[in-house]
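In what follows, a single structure is set out as structure tokens and then discussed.
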Amino acid sequence: MNAVMDHNTKFSQVEKISRTRAKLDQFAYRWRLFSRNKGAMVGLVILIAWLSVMIFADSIVPYPPLDKVTRARQAPSAEFWFGSDMLGRDMFSRVLYGSRISLALGVISVIIGAVPGTALGLIAGYFGGKVDDIIMRVLDALLAFPGILLALVIIASLGPSIQNVMIAVGISTLPQYARLVRGSVLTIKELVYIEAARVIGCKPIRIMLHHILPNAISPIIVLSTLQVGNAILVGSGLSFLGLGAQPPAAEWGLMTAAGRELLSKAWWISTFPGLAILSVVMAFNLVGDGLRVALDPRMKVG
Amino acid sequence: MRQYIFNRLLQMIPVLFLVSIIIFFIMHALPGDPAMLMLAGAEGGAVTPERIAELRAQMGLDDPLHIQYFRFITGAVRGDLGTSIRLRTPVTQLIAERFSSTLQLSLVGLGFSITFGLILGILAALKQNSWFDMISMVFSYIGVSMPIFWLGLLLILIFCFQLNWFEPAGGTGFKSLILPGITLGLSSAGIVSRLTRSSLIEVLNEDYIRTARGKGLKEIGVILHHALQNSMIPVVTMIGLQFGSMLAGAVVTETVFSRPGLGRLIVNAILWKDYPLVQGSVLVLALIYLLVNLLVDISYAWLDPRIHYN
């Protein structure tokens, strides 16, 4: 009896080690594919730079972002790298601080869209039939709203604020996740190991979360990465329209809008926040495309 | 073909019905009392409980939700989308007034994106992996990552204030549409160029292209008559989708260039809490988007004779 147990534990230990080994090999292989892509590496570097700015903003900004520190509308100089805005606040500090709002907006709205979207896709794909019909009909209707229109309707109802922008942008991307996941589930659920799991009595929820989801995760990761960039783009657009972050927040879209009236006199107020948005969004797009190639070269997203 | 179009139009009805339910549900079931928001927005300060109750009764907000929806949808079917609270004008009239401006803008944007995107994509495909291909890829990454509002401001800064080529806002005629059109179309131009490139490269590797070349056709003839048309099918789908994003992107572009269009109307309606106006104009935009996608599907048959609609 003891000997059998001993054998079993030993066996499982060996198995565990070889599994970890396989996972590491897998990771190294994916990383090699990713790092060979020059664009993706450029994106990754920009992204890491912005993440560090976000984390250490308090200690690296030269001035407090919400305080008047100099005369209004000062052109960029050695002292104030990006100049000052119409209230005499330091633009450089404000742009650096803006990374906090924008990155949070990108990540949180992606979670708001990806988690329920994935769940609905799993349910629709796994159960099929009527459930699938109802879920997909409603999601198709959501897709009939072009671009940011659905987000606009949600904002109209909830009222303008940065939290509501996250909710609005998240919900409006939900159907894309559901469609993507449903597609993967339809292929995966026909495989033999799912049949096996069902035969040994696994409950549907366990099959969906432990057997199907891990094999459908790659496209979700890619879509999410690309969506973070997209969410930042849409979110800052809503703030630009006055429907998102409200003054005096150091938000890039809002800052760009503030400089709009002063464009002919103080170009720097609009220019630098816009450049910040462009660089972050481009970084996410580059990394997302790199991941797409690394995780599955044949995969199509969106 | 006629049967197919008829069926597709018929299928649009349930989708539009669902769309209207979603708009209505979001606008009415989520927190926020329209009567109160409206009073706060329109009259500023004078928000008394009596006034709210009066307005709620007047707007029929005390009726059960399904009765309110029934009123909305029966009106919509008859072409009556209610009356704007702020402007005290029928919503359909407001939409009709603004629509042509937005349509012109979207068409110019689409025209720019197709012309520029196709030329760039075709050249990139023919000179695969050259420096030109590289530049067109960088361009397309910038295009899709660029905030529309910032691009618009940059163009105004350069072409209106530095070079004095255009008026920064207002103006009429085609000239006033150039900068807004480029602003609206740049990101699609990037997407169209990438898709054209990959699609054309795929088609150029097909056997019938080798045959065409083999029978001694000039390269330009092979590309124009044989390759291009077949490579356009995915591109046309994408252009249909892009038209939708143009309609939505017009919201931002019209604000940047101070153009009085449908997008600007929606943004103002949201800021004014003008519920009937938001509901009505979003419903109309969704309808237009669905119709454009139908047109795209029909155009497949023209592009690819192998496709039959039965």
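From the list A:MET255, A:MET282, which one is within 10 Å of another protein chain (Cβ to nearest Cβ) and of a type in the set (A, V, I, L, M)? Spell out the reasoning first.
Numbers: A:MET255 fails: within 10 Å of another protein chain (Cβ to nearest Cβ).
Exactly one residue qualifies, and that residue is A:MET282.
Of A:ALA245, A:ALA294, all but one fail to be more than 8 Å from every other protein chain (Cβ to nearest Cβ) and modelled with pLDDT of 90 or more; the exception is A:ALA245. For region B:21-29, the count of residues that are under 30 Å from B:PRO180 (Cα atoms) and either buried (at least 16 other Cβ atoms within 10 Å of the Cβ) or modelled with pLDDT of 85 or more (or both) is at least one.
Of the listed requirements (1) of a type in the set (A, V, I, L, M); (2) away from chain A (no Cβ under 14 Å); (3) closer than 30 Å to B:ILE22 by Cα, B:VAL235 misses just one: (3). Looking only at residues in region A:124-151 that are facing another protein chain (nearest Cβ under 9 Å) and over 19 Å from B:ALA248 (Cα atoms), the one that is surrounded by the fewest Cβ atoms within 10 Å (Cβ to Cβ) is A:ARG137.
Taking the criterion of being assigned to a helix (DSSP H, G or I), without any contact (Cβ under 8 Å) to a residue 60 or more places away in the chain and of a type outside the set (A, V, I, L, M), the residues of region B:90-110 that qualify are B:GLN93, B:GLU97, B:SER100. Do we find a residue being within 30 Å of A:LEU226 (Cα to Cα), within 11 Å of chain A (Cβ to nearest Cβ) and either modelled with pLDDT of 90 or more or in a helix (DSSP H, G or I) (or both) anywhere in region B:123-135? Scanning region B:123-135 turns up at least one residue that is within 30 Å of A:LEU226 (Cα to Cα), within 11 Å of chain A (Cβ to nearest Cβ) and either modelled with pLDDT of 90 or more or in a helix (DSSP H, G or I) (or both). With respect to B:THR102, is the statement that it is buried (at least 17 other Cβ atoms within 10 Å of the Cβ) and not assigned by TED's automatic domain parsing to the domain that holds B:SER187 true? So B:THR102 fails the test. The condition of being within 25 Å of B:ILE298 (Cα to Cα), touching a residue at least 12 places away in the same chain (Cβ under 8 Å) and over 17 Å from the mean Cα position of the chain (by Cα) holds for B:SER193. Pick from region A:152-164 the residues that are without any contact (Cβ under 8 Å) to a residue 40 or more places away in the chain, within 8 Å of chain B (Cβ to nearest Cβ) and part of a helix (DSSP H, G or I): which of them is surrounded by the fewest Cβ atoms within 10 Å (Cβ to Cβ)? If we take residues in region A:152-164 being without any contact (Cβ under 8 Å) to a residue 40 or more places away in the chain, within 8 Å of chain B (Cβ to nearest Cβ) and part of a helix (DSSP H, G or I), then A:LEU158 is surrounded by the fewest Cβ atoms within 10 Å (Cβ to Cβ).
When region B:145-165 is filtered for residues that are more than 9 Å from every other protein chain (Cβ to nearest Cβ) and not in a helix (DSSP H, G or I), the ones remaining, listed by number, are B:LEU163, B:ASN164, B:TRP165. Of all the numbered requirements in (1) within 22 Å of A:GLY253 (Cα to Cα); (2) assigned to a helix (DSSP H, G or I); (3) out of contact with any Phe, Trp or Tyr (no Cβ under 7 Å at 6 or more places or on another chain), A:PHE92 misses one, and that requirement is (3).
More than 22 Å from B:ILE223 (Cα to Cα) and in a helix (DSSP H, G or I): is that true of B:LEU118 in this structure?
Numbers: more than 22 Å from B:ILE223 (Cα to Cα): no; in a helix (DSSP H, G or I): yes.
No, not satisfied.
The values are calculated or read from the model by the stated rules, or taken from the named source; none is laboratory data. Values in this document were obtained by computation on a predicted structure and should not be read as measured data. Glycine also receives a Cβ, built like all others from the backbone with ideal geometry; neighbour counts cover every protein chain displayed.
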